[in-house]
Every structure is written in C-alpha cells, then in structure tokens.
Amino acid sequence: MDIILERYPLRTELNDGSPCSIRPPAAADEAPFAAFHGVIPESEQLFVRAQIRDGSLFRKWTSDPSFETNLPLLAFVDGQLAGIGVLRQRPGGWKRHIGRVSFLTHPDFHGLGLIDQLLAEIVEAARHRGLTRLESELNGERRTAVRAMAGVGFEELVRIPGYVQDMKAEHHDYVMMGLKLIPEFENLGTGD
C-alpha cells in the first residue's frame, strides 16, 4: 500500500480547467469533511450512513494511516472538499478479491469529471492491491454516477426495482455495478 500512498497528493485538473488535488484524508480535514456533508442535497443524504454524517467514520479513517482495509480519497478544488471516493477491501474470506467502491461529489462539482478521476485512482489502487473485481451499490436515482461508472468499464450486474429504502422508508431501485480487473502481476494472490 505504501507505493500507492506515495502517489499523493496527486495534482490534476477538472474538465473546466480547475486545479484539483486528490489525496487520503488527514486529521486536519475533519472541518472540510463536515462542511462537505452539510451541502449534500437531502435526496442524497437519505442514503448516507449515519457514521459519515456524525464524523465517526472520518475519525476511523484517519486513525489508520496505513489505509489497509479502507482507502478514502478526498478531492480538493481551491481548498474546498469537492468529492470523496472510497475503496474498501475485505481482509479475508470468500470475497477478499472484491473491492467495494463508493463516492460522493459536492453539488457544485457535478459534471466536471471528478467522479472519473476518483474512480481512476481507485481502480489503480485496487489493481495494485491484487483485487480482481470491484463492485458498487447505488440507488437507481444516481443516474450520473451510473453513467460515470459505465464510462470506466463498470457494468450493471443487478437492478431490483423498489428493493431498498431510504431513511424516510421510501422505496428505490437497488443497482449493483461491477468491474472485472486485471491486477498487476506482482500483486496476484494478495489477501490469501
């Protein structure tokens, strides 16, 4: 994992030319993280886990600087947190070769290629870690996210109408997307 972490901070730019910096979180990022979640629309907040909103997940991430099971990546534009992507890896078991991907973008940065950049970094990290598949669970209303994931090769594996409930107990489609990876040769067998 150290080799992947050496890449950061990664300097890049969004589709509109805005400079962007992508890196794992640091303890000093707690206030921007809280501010970021304060502007996420209620329609998206209905699917965000309580541990994210109350900050406990952020503190858990920053308490493990090796990022062995969770690799969160934060994207900053002009000092503002613009997006978050996370790669989760199970440490063992029958699904240890499958990484789970999630992400969320600030409403002001939708449509600027931010998800594409975060996904590219997550895919690179997953290959380096020897993962052979990635999966992401979404609600059916996240059409932009589904399109962005399809753009980097994810396929819709499952769509079940009305299967999940938001925090208001309203039903939504469940969508699972997946990507088959070709891991880096030297990392095959990771997690065994």
Near pairs, Cβ below 8 angstrom, 6+ apart or cross-chain, from the stretch 88-100 (free of Cβ contacts under 8 Å to residues at least 40 places away in the same chain and more than 8 Å from L134 (Cα to Cα)) to any residue that is among the small types (G, A, S) and outside any loop (DSSP other than H, G, I, E, B): R88/G99; R88/S102
Within the stretch 145-160, tally of residues that are among the aliphatic types (A, V, I, L, M) and either modelled with pLDDT of 95 or more or over 16 Å from the mean Cα position of the chain (by Cα) (or both): 3
Those residues of the stretch 116-144 which are more than 11 Å from the chain's Cα centre (by Cα), surrounded by 19 or more Cβ atoms within 10 Å (Cβ to Cβ) and small (G, A, S), in sequence order: A125, A126, G130
All positions within the stretch 156-172 that are in contact with a Gly (Cβ under 6 Å, 6 or more places away or on another chain) and within 27 Å of A126 (Cα to Cα): L157
Residue that is surrounded by the fewest Cβ atoms within 10 Å (Cβ to Cβ) [pool: residues in the stretch 11-35 that are free of Cβ contacts under 8 Å to residues at least 12 places away in the same chain and in a helix (DSSP H, G or I)]: A28
Looking only at the stretch 87-102, and only at residues there that are touching a strand residue (DSSP E or B) at 6+ places or on another chain (Cβ under 6 Å) and surrounded by fewer than 22 Cβ atoms within 10 Å (Cβ to Cβ), the one that is nearest to S66 (Cα to Cα): R88
Filter result for F76 (modelled with pLDDT under 90 and either surrounded by 20 or more Cβ atoms within 10 Å (Cβ to Cβ) or not in a helix (DSSP H, G or I) (or both)): no
Top-ranked residue in the stretch 104-115 [being under 14 Å from S18 (Cα atoms) and of a type outside the set (D, E, K, R); ranked as nearest to the chain's Cα centre (by Cα)]: L114
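The values are calculated or read from the model by the stated rules, or taken from the named source; none is laboratory data. Since the structure is predicted, the reported quantities are computational estimates derived from the model, not experimental observations. Heads up, the Cβs are rebuilt from the backbone with ideal geometry, glycines too, and the neighbour counts pull from every protein chain shown.
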